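The structure under discussion appears below in the form of structure tokens.
Each reported figure results from applying straightforward, stated rules to the coordinates on display, with no laboratory input. Keep in mind it's a predicted model, so treat the numbers as computed, not measured. Ideal geometry is used to build each Cβ from the backbone, glycine not excepted, and the neighbour counts take in all protein chains shown.
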Amino acid sequence: MTISSNTQSFTSLNGAIKVTKLDNSDSSSKKLSDAVSVNISSNATSNTTSLLNSLKEETVIQSNNGYVNLEQEAALKKMREHYLNAAKENNKFANPYDHLDEKYNNPTSPYYIQGLSKEERNAAYTNELFFQRNQSYYNQTENTDANYMLLDDPFFKSLGPVSGGIIETAERKAFDREKVNTQFQSLLNKYNVTIPQDTKLSFTIDPNTLKATVSGTDDETLTKSVEDVINTADNATELFYHISSSVSDDSTQYTPRQYSKFNLTKQIKDVTGYTLKDLEIKDGKFITPDGTDVAEIYTKKINENPKMSDYYKMMSIGSNVADLKKLAKDGFDSVPDLVLSIDYQNGSFYDVKQSENFGTEKSGWIKDWKESLFNKIKSQGYDSMTESDYLDTTQFTEKYNDIDLTSKKNSTKSDNKEVLTKDELMLKYLLDNLEEQKKAEIKEGNSLEWQVKEIF
């Protein structure tokens with residue numbers, strides 16, 4: 001906060017509050033209660049427009065951020081080392097394969113491995129045999145093809161929970177979410193836009209224009225600024241793809257048919273420049289303003305593309321032209337548009353209209369689910385797993401979806417006294433001081449008016 005004694009004004013550094021003292025000889029008739037008028041904006045973003053015009057636009061948000069399953073890579077490395085060492089030990093015997101067989105299948109052998117279930121024994125034997133046969137290859141390369149590995153192998157159980165398959169998919173979504181959160185904050189910083197703490201915004205993206213609209217606050221200045229920022233370059237497009245890649249099976253805003261329609265309309269627009277929604281449908285065709293069938297334009301453009309193989313040209317034309325005809329016959333609105341929404345609050349995006357949430361503080365269900373799967377596998381084996389174990393995450397998501405992202409920040413109580421935020425404390429300080437000064441001036445016979453004004 002800066003204080004100017006000459007002008008008797010107070011201005012907060014974030015531009016949210018300005019307090020000015022004005023001389024007014026006619027103010028003696030004012031009541032004390034009317035002496036202070038307060039108009040507070042959540043955040044003033046007056047310079048956003050000028051920055052948008054002056055700074056080069058760039059696509060900061062990335063829907064795909066190159067997730068690498070480090071946990072799985074580490075497990076595969078350990079597996080490779082384990083079985084190559086086992087192969088070296090087997091090679092010390094005259095017949096390595098006979099020795100390997102004795103370890104797993106001959107209870108009378110002194111090398112027989114005790115304490116394995118039938119499933120564990122079969123898996124361990126099969127896995128070790130695979131490496132024994134292919135050791136020359138794996139001694140020369142760091143690669144390990146886990147597709148050949150039977151997971152009932154007790155070696156894997158000793159590693160602890162390891163991500164893969166459907167669990168890895170969930171972890172990738174959470175990873176991308178954290179990256180997108182950081183990228184969006186960088187975008188806001190670039191244009192000097194601040195979203196006040198606990199303010200909950202909703203972003204909705206039109207699939208035909210790939211432009212976002214923002215709602216959730218009465219602060220029109222903030223809404224306009226955030227919309228302008230997210231719609232720079234391809235940031236709204238990337239956010240759209242991020243939302244679509246984050247959907248869960250029970251999403252009510254996403255269906256495969258909707259996504260197919262979106263892909264079709266995007267490909268047609270990318271190739272021809274025309275938006276299907278804006279075209280007239282006549283005789284089962286999408287017709288451009290000059291009367292041309294857009295399918296003919298698309299076919300011509302594809303055939304003229306030197307970078308596409310003849311096979312790919314044939315497949316693209318055949319598939320998309322057929323879909324165009326069907327959509328024109330049924331009507332553009334026969335399949336709802338893939339309008340996607342996502343919420344934003346306190347530095348993170350949060351999924352809507354689905355049970356699985358990948359936002360900060362609400363993605364803890366992934367770890368709980370993963371541990372539950374591993375514990376069941378460890379105690380009962382892979383054969384005990386059911387489709388519900390892998391697909392039904394509701395029991396893990398419920399408690400995280402119930403988390404209130406604002407209550408612990410604004411409603412924390414201590415000794416029955418409300419804990420105020422930084423902004424609330426600043427405002428209280430200003431008003432208390434203004435009130436005391438006003439009382440002193442009235443007592444001294446001075447006639448002054450104080451106003452707290454919103455600054456833009």
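What nm distance separates the two modelled labels at T182 and T126, each placed 7 Å from Cα along Cα→Cβ?
According to this spin-label approximation, the distance is 4.0 nm.
At a 10 angstrom cut-off on C-beta neighbours, averaged per residue, how do the peptides 202-213, 102-113 rank from highest to lowest?
Numbers: 202-213: 18.2, 102-113: 12.7.
Ranking the peptides 202-213, 102-113 by packing returns 202-213, 102-113.
Of the listed pairs K277/K326; K190/K261; K179/K269, which have alpha-carbon separations greater than 26 Å here? The partial results should precede the final answer.
Details: K277/K326 15 Å; K190/K261 35 Å; K179/K269 29 Å.
Too far apart for the 26 Å limit: K190/K261; K179/K269.
Applying the Karplus parametrisation 6.51 cos²θ - 1.76 cosθ + 1.60 with θ = phi - 60° to the phi angles of the stretch 310-317, what ³J(HN,Hα) value in whole Hz is obtained for each residue in order, glycine and proline being reported as x?
4, 5, 5, 4, 4, 5, 5, 5
What is the pair-distance distribution P(r) of the stretch 70-162, computed from all Cα-Cα distances in 5 Å bins starting at 0, with each bin given as a whole percent?
Pairs per bin, as whole percents: 2, 13, 24, 25, 20, 11, 4, 1, 0.
Apply the Karplus parameterisation 6.51 cos²θ - 1.76 cosθ + 1.60, with θ equal to phi minus 60°, to every residue of the stretch 318-324 and state each ³J(HN,Hα) to the nearest whole Hz, in sequence, with x for glycine and proline.
x, 5, 6, 5, 4, 5, 4
What is the gain in length, in nm to one decimal, between K224 and Q114 on full extension, counting 0.36 nm per residue of separation less the C-alpha to C-alpha distance?
Details: separation 110, 0.36 × 110 = 39.60 nm, distance 6.97 nm.
Gain on extension, K224 to Q114, equals 32.6 nm.
Can you give me the long-range amide H partners of G216? Hydrogens built in the peptide plane at 1.01 Å from N, cutoff under 5 Å, separation of 5 or more residues or another chain.
Counting only residues 5 or more places away or on other chains, the set is S202.
May I ask you to evaluate 6.51 cos²θ - 1.76 cosθ + 1.60, the Karplus curve with θ = phi - 60°, for each residue of the stretch 277-293 and list the ³J(HN,Hα) values in order in whole Hz, giving x for glycine and proline?
With the stated coefficients, the stretch 277-293 comes to 4, 8, 8, 7, 9, 9, 6, x, 9, 7, 10, 6, x, 8, x, 8, 5 Hz.
To the nearest Å, what is the center-to-center distance of the stretch 175-220 and the stretch 324-341, using C-alpha atoms only?
Going from one Cα centre to the other spans 28 Å.
I'd like the FRET efficiency for D337 and L70, computed as 1/(1 + (r/R0)^6) with the beta carbon distance as r and R0 of 30 Å, rounded to 0.05. Please list the in-between numbers first.
Numbers: r = 38 Å, r/R0 = 1.28.
About 0.20, to the nearest 0.05.
Working out 0.36 nm times the residue gap between S309 and E280, then minus their Cα-Cα distance, what length gain in nm do you get to one decimal?
Value of the extension gain: 7.3 nm.
Between Y390 and T209, what length in nm is gained on full extension when 0.36 nm per residue of separation is reduced by their alpha carbon distance?
So the chain would gain 61.5 nm between Y390 and T209.
State the number of lysine pairs found in the stretch 70-162 whose Cα atoms come within less than 20 Å, restricting to pairs 8 or more positions apart or on distinct chains.
Count of close lysine pairs: 9.
Can you list residues whose amide H is under 5 Å from D250's amide H, if they're 5+ apart or on another chain and H is modeled 1.01 Å from N?
S355
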